[in-house]
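Below you'll find the structure, written out as structure tokens, and then a few comments.
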Amino acid sequence: MSELWLDITDIPASGREFSFSDQSLWTGPIAEFALPYRLDLPGTGLAAAFTVTPQGRGVLVAGTLSGKTVTPCDRCAEDVTLDVATRFDLFEDAPLEGEKSLEPGLLRRRGKVLELDAGSLLWEQFLLSLPVKPLCDENCQGLCPSCGKRLADGPCGCQAETGDPRLAVLRNLKVPRGSN
């Protein structure tokens, strides 16, 4: 995963804005984890901006991530262009000097320098903004399980499967409804 550590030691109390349009922040992890998302088509790509504001012993990070990505439909494997548009707000406690954490976080101390892992933050926000099941159309019928033809293009002509003949007797089974 691409790391991008930002020095946020001397951020003013009013906060500081950061913006990112370098696609390698997302294309690197996409390739590393062999994910089906693409940002290489015209009109696709991502941009992010966030503000880091000191808050007591930690920092508040508030920002946006927007753009487009292409991925296969979960049912028919046709390309789907997904709009990515998300807002995020998160608070992260800063570790004390010399403090060791068992849980990795977005902030780390290196001597007197406080750093924010912007690469991990942006990657996490990208993944959270994506649908669990991307579809080309809500009514996408998918592919024929026998021949693989895309069913949205019309019937394929394959015989409908009747099921396992050993279970045929169960097709006539009547189950009463409403009983608990």
| In whole Hz, what ³J(HN,Hα) sequence does the stretch 13-18 give by Karplus (6.51, -1.76, 1.60; θ = phi - 60°), x for Gly and Pro? | 4, 6, x, 9, 9, 10
| task | Please give the length that would be gained between residue 97 and residue 23 if that part of the chain were fully extended, namely 0.36 nm times their separation in residues minus their C-alpha to C-alpha distance (nm, one decimal). | result | 23.3 nm
| Cβ charges +1 (Lys, Arg) and -1 (Asp, Glu), total dipole of the chain, debye | 820
| message | Using a 7 Å offset from the Cα along the Cα-to-Cβ direction at both residue 41 and residue 133, what is the distance between the two label points in nm, to one decimal? | response | 2.2
| field | For Rg and Dmax of the Cα atoms in Å, calculated from these coordinates, the label among (1) 24.4, 75; (2) 15.2, 45; (3) 19.2, 88 | value | (1)
| List the aspartates and glutamates whose alpha-carbon lies under 18 Å from that of residue 68, not counting same-chain residues fewer than 8 positions away? | 22, 40, 78, 79, 83, 124, 137
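Any read-out appearing in this document is the output of simple, stated calculations on the displayed coordinates, not a laboratory observation. As the structure is a computational prediction, the values presented were derived from the model and not from experiment. Cβ: placed from backbone, ideal geometry, glycine included. Neighbour counts: every protein chain shown.
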